[in-house]
Amino acid sequence: MKKVIAIAAVLVSFSIAANAQANSTGQQTVNLALTDAIELTFTGSGTATGAAVTLPFTTVNDYANGVTSAAQALKVRSNKNFTVAVKSNATNFTYVGSTTPVPVMPVSGVLDVKVSTNGTGGTIAGSFANYADITATNQSLITNGTRGGNQTFSVQYQATPGFSYPAGNYSVDVVYTATQL
């Protein structure tokens, strides 16, 4: 009987040992180090440089009434609300042609821009809901755009040089700047 009790005690201790589970835990803190991030791109190119926009003046009516471009789409991706400003990179157009002396065509008074669509959640600034002069000084185009990954807007250009300038190619860079608030 002593053997039976001893065997039973051994079996009970094996049973308890088999059901006992060992646990161990570990813990680690994960920190996200986010920085302010903003990007402005032209949707057609997917880069900060848009395709060249050519406004051909081929008739007398083009000179009298001006020529308008197709819509140029831009996208802002930002983790904070933002504004967008517009300016030309020069006061005057650069001229390539055969006229001497080189004609001087000012950007302001000839080249206008308007926001034709606005999906930024912001407000079209100033008079840019209609065509307004582009100058060599930053002007607010969109104010209080809402943060997000696909905040789009489109612009259109209108040029009205009149009859004061000879034939040739006139060009200027238009610069858009998105700034976080």
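The values are calculated or read from the model by the stated rules, or taken from the named source; none is laboratory data. All values reported here derive from a predicted model rather than from experimental measurement. Every residue, glycine as well, gets a Cβ built from its backbone with ideal geometry; the counts of neighbours run over all protein chains shown.
Look through F82, F57, F42 and report the one residue that is aromatic (F, W, Y) and in contact with a Pro (Cβ under 9 Å, 6 or more places away or on another chain).
Numbers: F82 fails: in contact with a Pro (Cβ under 9 Å, 6 or more places away or on another chain); F42 fails: in contact with a Pro (Cβ under 9 Å, 6 or more places away or on another chain).
Result of the check over F82, F57, F42: F57.
Mind checking whether some residue in the range 83-106 is at pLDDT 95 or above, among the basic types (K, R) and closer than 17 Å to Y170 by Cα?
yes
Kindly indicate whether any position in the range 54-67 is surrounded by 13 or more Cβ atoms within 10 Å (Cβ to Cβ), touching a helix residue (DSSP H, G or I) at 6+ places or on another chain (Cβ under 9 Å) and either within 25 Å of Q139 (Cα to Cα) or in contact (Cβ under 8 Å) with a residue 12 or more places away in the chain (or both).
Step one: list which residues in the range 54-67 are surrounded by 13 or more Cβ atoms within 10 Å (Cβ to Cβ), which gives 55, 57, 62-63, 66-67.
With the extra rule that they be touching a helix residue (DSSP H, G or I) at 6+ places or on another chain (Cβ under 9 Å), the set shrinks to 55, 57.
From what is left, the residues that are either within 25 Å of Q139 (Cα to Cα) or in contact (Cβ under 8 Å) with a residue 12 or more places away in the chain (or both) are 55, 57.
Within the range 54-67, one or more residues are surrounded by 13 or more Cβ atoms within 10 Å (Cβ to Cβ), touching a helix residue (DSSP H, G or I) at 6+ places or on another chain (Cβ under 9 Å) and either within 25 Å of Q139 (Cα to Cα) or in contact (Cβ under 8 Å) with a residue 12 or more places away in the chain (or both).
Grab the strands (runs of 3 or more DSSP E) fully contained in the range 91-164, keeping just those with 1 or more residues being of a type in the set (D, E, K, R) and under 17 Å from A73 (Cα atoms). Talk me through it step by step, then tell me what you get.
Numbers: elements: 94-96, 111-119, 139-145, 148-159.
Once the strands (runs of 3 or more DSSP E) in the range 91-164 are filtered for at least 1 residues that are of a type in the set (D, E, K, R) and under 17 Å from A73 (Cα atoms), what remains is 111-119.
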